[in-house]
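Visitor: One structure coming up, written as structure tokens, with questions to follow.
Derivation of every value follows stated rules applied to the coordinates shown; laboratory data play no part. Only a predicted model underlies this, so the values are computations on that prediction, with no experimental measurement involved. With ideal geometry, Cβ positions are generated from the backbone for all residues, glycine too; neighbour counts draw on all protein chains shown.
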Amino acid sequence: MSVIKKIQGFFDSRFDTDTVAHFVDKQAHKRLPPHTGWFHVFGSLSLLLFISQTITGILLLIYYRPTPDEAHKSIQYITGEVQFGWLYRQIHAWGATLMIVGVLLHMIRTFFSGAYKKPRELTWVTGVVLFVVTITFGFTGYLLPWNQIAFWATTVGTESANKVPVIGSWLQYFLRGGEAVTGETLSRFFVVHVIILPWILTGMIGIHLVLMRVNNLATFEAVGEEEPLEPKHGIPFFPVHVAKEGAVAILLLAVLVTLSVVSPWEIGEPADALSTPAHIKPEWYFLPSYQLLKYFEGPYGAIIGIIICSLPFLLLLLWPFLDRGKERRPRKRPIAVAFGLFALLAAVFLGVLGHYSETNITLFGKAYHIDLLGKPHLIVPADSTDTPNTEALSH
Amino acid sequence: MSKPNSPTRRGFLDFLIAACSAITTAALAIPGVLYLWPAAKGGGSQKVEVEGAKSMAIGQSKTVQVGSLAVIVVKQRSGFCAFSAVCTHLGCLVKWDTGKKQFLCPCHAAAFDEKGKVVSGPPPAPLVEVSVKEVGDKIFVSTA
Ligand code: HEM
Ligand code: FES
């Protein structure tokens, strides 16, 4: 007891500990609006996943080597030799996917509850930046194991940069660190993935959370008609909301470990710059853009395609300034809600088309070949002529 | 403070400080940007021998690395021909299909004929031809 007193005294005599204690206490017990519930945990879910990515990422860094000769071998070493290495690699790889799911759910929640409206426009804008940074994390991390799929998905992905008007070829050269995807690309992606993005994300999360606290969580009251929150009607952040977040954290841990064990990510074949394997497709979160780009070909098509694919992001960024309606209740703003639902459905639809494009599927007992653009062609058994043969003969 | 010339002097000093800061920032930033720009490696034209080219049968192909470019060499009845193997659509490497006499891209099912022209699929341009030279019994491919 007296030891604790002594330590306290040490700090007390050096700065005003009461102010700090008061601030922490106020933040911990801050009253949230009464309707704060389970839909409000997706933000903390995303944060939790970022913390998990940071910890597992640092652990991977101890054995990972970012060079073309060693990258793939070092991942094999991590999963095969290092104790529990497989677990941390799997949690990092699955965590990446779940983090994107978490951020998406969080965005969907804030969109449909109208929380982005005044005075929280900047909270939404920083959120959109967080979303883009998270996706970039996925894109750069994907290359690091230096396997065939990663190498060629990155080749195709950076090739799309070439289609950007005017600066396209410079942009591509800059991203790749040369003409083609090489060790230079791996170095660049590595630095971006483990140094630059983590700090950008940390800073942006800081701003996002401060803004969130300053304005408190949104209610369903229309803009300008908000009543001040009476403390006795609010929900204390600690312990009530923190308890919900704790439950989510435990569930998340269970899901991460289960996925890691039941459905592990493969390491794949090491990258071979002289041979492209069949069926190169990006990760699921890039599939909608990947599919959309296919419909714009030809000399102008590519440029139009790039513009159309960046439009959704621009729209997201500017949304709070475009939708100036005062209502927050979904039922009272049918246009915004219909637009949001349409965008979601379109993304899912394009993603599904992208996933099944250039494969054969069986529906109601009939086999179809889904072509590049997602159009199904019935496969007539035996001497069929209208099924394109996509199998390249090996030479 | 109320002297008529003091705001001007102040303004001048403000301007001087802003200008010096801008110059210093640029002096720090420009080398940084140039540092990030990929240094050209090798550069110029590159010439590479196609190993074992003489023992290739007609209709056979081989992919070789020339600098950072993958080049596909095909032995046809009329002699050797070579193209950049990089599909002009999104950069996957094409393979030669001996039976169809076409270059096929594994990524979005494009086909190019033996002259590199697009037969089907999304590529906007033909395959880029690469020059082939026979010197004695050796075959060389070179890129500009
Ligand atoms: C914040 C600190 C982070 C560090 C230090 C870090 C570090 C690393 C390292 C060293 C690897 C290579 C090992 C491997 O491939 O398994 C890697 C892979 C990867 N990272 Fe991260 N990472 C971080 C955050 C993230 C985040 C936030 C995401 C995505 C939302 C992400 C997505 C990925 C993906 C998809 C891979 C490839 C996984 C695989 O195939 O094994 N990382 N990361
Ligand atoms: S990259 Fe060759 S068809 Fe798309």
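Visitor: Using a simple spin-label model with points 7 Å from Cα along the Cα→Cβ vector, what separation in nm is obtained for B:Ala40 and A:Phe313?
Guide: For B:Ala40 paired with A:Phe313, the spin-label model returns 3.0 nm.
Visitor: Restricted to Cα positions, what overall size does segment A:1-46 have along the principal axes? Three whole-Å values, descending.
Guide: Result for segment A:1-46: principal-axis Cα extents of 44, 19, 18 Å.
Visitor: Could you pull the Rg and Dmax for segment A:326-386, using just the Cα atoms, both in Å?
Guide: 18.4, 63
Visitor: Given segment A:185-319 reduced to its alpha-carbon atoms as identical point scatterers, what log10 I(q)/I(0) does the Debye formula return at q = 0.09, 0.20, 0.23 Å⁻¹?
Guide: -0.60, -1.37, -1.36
Visitor: Using every pair of alpha-carbon atoms in segment A:1-150, split the distances into 10 Å bins beginning at 0 and state the percent of pairs per bin, rounded to integers.
Guide: Reading upward from the zero bin: 9, 26, 22, 20, 19, 4, 0.
Visitor: For segment A:188-232 and segment A:303-379, what is the separation of their C-alpha centers, rounded to whole Å?
Guide: With segment A:188-232 and segment A:303-379 each reduced to a Cα centre, they are spaced 27 Å.
Visitor: Set the Förster distance to 51 Å, then compute FRET efficiency between B:Asp137 and A:Glu70 from the Cβ-Cβ distance, nearest 0.05. Present the calculation step by step, with values, prior to reporting the outcome.
Guide: Numbers: r = 39 Å, r/R0 = 0.76.
Working from the Cβ atoms, E equals 0.85.
Visitor: Sort A:His355, A:His72 so that the residue with the fewest other Cβ atoms within 10 Å of its own Cβ comes first and the one with the most comes last. If you can, show how the numbers build up before the last one.
Guide: On the way: A:His355 15, A:His72 22.
Least crowded to most crowded, the residues run A:His355, A:His72.
Visitor: Put a dot 7 Å past each Cα toward the Cβ at B:Ile58 and A:Val132; how far apart are the dots in nm?
Guide: Once both label points are built, they end up 5.7 nm from each other.
Visitor: How charged is the neighbourhood of A:Asn147? Take every other residue with its Cβ under 10 Å from the Cβ of A:Asn147, and add Lys/Arg as +1 and Asp/Glu as -1.
Guide: Numbers: positive: none; negative: A:Glu266, A:Glu269, A:Asp272.
Local net charge: -3.
Visitor: Could you please report the charge total around B:Lys138, scoring K, R as +1 and D, E as -1 over all other residues with beta-carbon less than 13 angstrom from its beta-carbon? Don't jump to the answer; show the numbers that get you there.
Guide: Working: positive: B:Lys47, B:Lys54, B:Lys133; negative: B:Glu49, B:Glu51, B:Glu134, B:Asp137.
Charge balance near B:Lys138 sits at -1.
Visitor: Okay, next question. Give the Kirkwood hydrodynamic radius (Å, one decimal) of segment B:69-138, defined as one over the mean of 1/r across all pairs of different Cα atoms. Don't skip to the end; give the middle numbers.
Guide: On the way: mean 1/r = 0.0819 Å⁻¹.
For segment B:69-138, inverting the mean 1/r across all distinct Cα pairs yields 12.2 Å.
Visitor: Set the Förster radius R0 to 35 Å, insert the Cβ-Cβ distance between A:Ala254 and A:Phe174 as r into 1/(1 + (r/R0)^6), and round the FRET efficiency to 0.05.
Guide: Values: r = 42 Å, r/R0 = 1.21.
Efficiency for this residue pair is about 0.25.
Visitor: On to the next question. About its Cα centre, what dipole magnitude does chain A give when the only charges are +1 on Lys and Arg Cβ and -1 on Asp and Glu Cβ, stated in debye to the nearest 20?
Guide: Working: 30 positive and 29 negative charges, 315 e Å.
Charge dipole, chain A, about its Cα centre: 1520 debye, nearest 20.
Visitor: Further, regarding this structure: Would you mind ranking A:Lys118, A:Lys26 by Cβ crowding within 10 Å, fewest neighbours first? Mind showing how you got there, number by number?
Guide: Numbers: A:Lys118 12, A:Lys26 9.
Placing the least packed residue first, the sequence is A:Lys26, A:Lys118.
Visitor: Which value, in Å³ per residue, describes the convex hull spanned by the Cα atoms of segment A:33-279? Write down the numbers at each step before the final one.
Guide: Numbers: hull volume 36.2 nm³, N = 247.
Spread over its residues, the Cα hull of segment A:33-279 gives 146 Å³ apiece.
Visitor: Would you tally the net charge around A:Ala302, using a Cβ to Cβ cut-off of less than 14 Å, leaving A:Ala302 out, and scoring K and R as +1, D and E as -1? Please list the in-between numbers first.
Guide: Details: positive: A:Lys163, A:Lys294; negative: A:Glu159, A:Glu297.
Local charge sum for A:Ala302: 0.
Visitor: What value, in deg cm²/dmol to 500, does the helix sum -39500 (n - 2.57) over DSSP H runs of n ≥ 4 give at 222 nm once divided by the residues of the protein assembly as shown?
Guide: -16500 deg cm²/dmol
Visitor: While we're on this one: Please report, to one decimal in angstroms, the Kirkwood hydrodynamic radius of the protein assembly as shown built from all distinct Cα-Cα pairs. Display every interim value, and only then the final one.
Guide: Details: mean 1/r = 0.0362 Å⁻¹.
Mean inverse Cα-Cα distance, inverted, gives 27.7 Å.
Visitor: Whole-Hz Karplus ³J(HN,Hα) for segment A:161-171, in order, using 6.51 cos²θ - 1.76 cosθ + 1.60 and θ = phi - 60°, x for Gly and Pro?
Guide: Result, rounded to whole Hz: 4, 4, 7, 4, x, 6, 8, x, 5, 5, 4.
Visitor: Who wins for biggest fluctuation among A:Pro228, A:Pro68, A:Pro330 in a Gaussian network model of chain A, springs between alpha carbons below 10 Å?
Guide: A:Pro228
Visitor: Rounded, prolate or oblate for chain B? Axes are the square roots of the Cα gyration tensor eigenvalues, ordered a ≥ b ≥ c, and the cut-off for rounded is a/c under 1.5.
Guide: In terms of gyration-tensor shape, prolate.
Visitor: Rg over Rh of segment A:269-315, using C-alpha atoms and the Kirkwood radius, what does it come to? If you can, show how the numbers build up before the last one.
Guide: Numbers: Rg = 13.8 Å, Rh = 12.6 Å.
Using only Cα positions, Rg/Rh for segment A:269-315 is 1.10.
Visitor: If I model a spin label at A:Val380 and A:Phe39 as a point 7 Å from the Cα along the Cα→Cβ vector, what separation in nanometres do I get?
Guide: 5.2 nm
Visitor: Send over the Kirkwood Rh of segment A:225-296, from the inverse of the averaged 1/r over different Cα pairs, rounded to one decimal Å. Could the numbers behind the result be given before it?
Guide: Working: mean 1/r = 0.0553 Å⁻¹.
For segment A:225-296, the Kirkwood estimate is 18.1 Å.
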